[in-house]
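Undergrad: Can you read through this structure? Questions will come right after.
The values are calculated or read from the model by the stated rules, or taken from the named source; none is laboratory data. The structure presented is a predicted model; accordingly, all values stated were derived computationally and were not measured. Cβ placement follows ideal geometry from the backbone for every residue including glycine, while neighbour counts extend to all protein chains displayed.
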Amino acid sequence: MDEVISDLIALGKGLSITFRNMLQKPVTITYPENKRQFSARTRGRHVLHRYQDGLERCVGCLLCQGTCPAGAIYIEPEENTPDNKVSAGERHAKVFDVDLLRCIYCGHCEFACPTNAITLENNTAIAGYTRESLLIHKHELLEESGKSTLGSTVAWDAQPPTPQEGAFDGSSTSAAAVGQGHRAGPSGKASH
Ligand code: SF4
Ligand code: SF4
């Protein structure tokens, strides 16, 4: 008899926990229909940015590739020519690959970049069925044409870079001469 009573008490205790939790708001969400709002500093998938005039910010300097501790970035730079002006500097990245499986999302690449060309954004939906699908290429990284943002730079910098005066004229070999802010464009205003 004692055993039956102790079993009933244990059952009651267990059910009390069940009923208590049934009345609470769930901590889980129905992903992917619903998505959590991540902090602006969450380091997810990379984005390559453009200036307002559509030119690519990346000048193919290889600093991000050199600083990456995981060897996750592969770039092939190419000279800009009058017929093929892709970036605001002397060179652009002809090939820009990021291996999302190698990447440890440390953010070193974005802090090494002299032109704010690459940022890690709060897109954490990084999954794929094949190894190849997680090796992403320039056309998947680059902001779509007509879009020009500084991305998460504005979340990291207490004072986001000011718009750059004048355009790069080739008189300096420094990639930093190209500018971290927005180049003075038609509106001269930075968009975030
Ligand atoms: S976040 Fe870190 S590991 Fe990933 S590509 Fe950038 S530097 Fe490399
Ligand atoms: S550091 Fe910036 S400008 Fe240089 S190659 Fe990397 S993304 Fe391009």
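Undergrad: Name, by its number, the condition in (1) farther than 19 Å from Thr149 by Cα; (2) within 16 Å of ligand 1 (Cβ to nearest atom) that does not hold for His46.
TA: (1)
Undergrad: Output the number of the condition that Leu55 fails; it satisfies all remaining conditions of (1) surrounded by 18 or more Cβ atoms within 10 Å (Cβ to Cβ); (2) at pLDDT 95 or above; (3) more than 24 Å from Ala125 (Cβ to Cβ).
TA: (2)
Undergrad: For the stretch 24-32, indicate whether the set of residues that are more than 16 Å from ligand 1 (Cβ to nearest atom) and within 20 Å of the chain's Cα centre (by Cα) is non-empty.
TA: Scanning the stretch 24-32 turns up at least one residue that is more than 16 Å from ligand 1 (Cβ to nearest atom) and within 20 Å of the chain's Cα centre (by Cα).
Undergrad: Here's a follow-up. Taking the stretch 75-120 as the search range and keeping residues that are of a type in the set (Val, Ile, Thr) and under 24 Å from Val154 (Cα atoms), which one is surrounded by the fewest Cβ atoms within 10 Å (Cβ to Cβ)?
TA: We begin by selecting, within the stretch 75-120, every residue of a type in the set (Val, Ile, Thr); these are 75, 81, 86, 95, 98, 104, 115, 118-119.
Still in the running and under 24 Å from Val154 (Cα atoms): 98, 104, 115, 118-119.
Details: Val98: 26, Ile104: 11, Thr115: 27, Ile118: 26, Thr119: 24.
Only one residue tops the list, namely Ile104.
Undergrad: Now, a different point. Could you check Gln180 against (1) at pLDDT below 85; (2) more than 14 Å from ligand 2 (Cβ to nearest atom) and say which number it fails?
TA: It fails just one condition, (2).
Undergrad: Of the residues in the stretch 117-140, how many are at pLDDT 95 or above and within 9 Å of the chain's Cα centre (by Cα)?
TA: Number satisfying all stated conditions: 4.
Undergrad: Ok, one more. Pairs, please: C-beta under 8 Å, at least 6 apart or cross-chain, first residue under 18 Å from His46 (Cβ atoms) and in the stretch 69-94, second surrounded by 14 or more Cβ atoms within 10 Å (Cβ to Cβ) and among the hydroxyl-bearing types (Ser, Thr, Tyr)?
TA: Ala93/Ser87
Undergrad: Away from ligand 1 (no atom under 16 Å from the Cβ), among the charged types (D, E, K, R) and at pLDDT below 95 - does that describe any residue in the stretch 59-78?
TA: No: zero hits.
Undergrad: So is Gln37 surrounded by 11 or more Cβ atoms within 10 Å (Cβ to Cβ) and within 19 Å of Thr153 (Cα to Cα) or not?
TA: no
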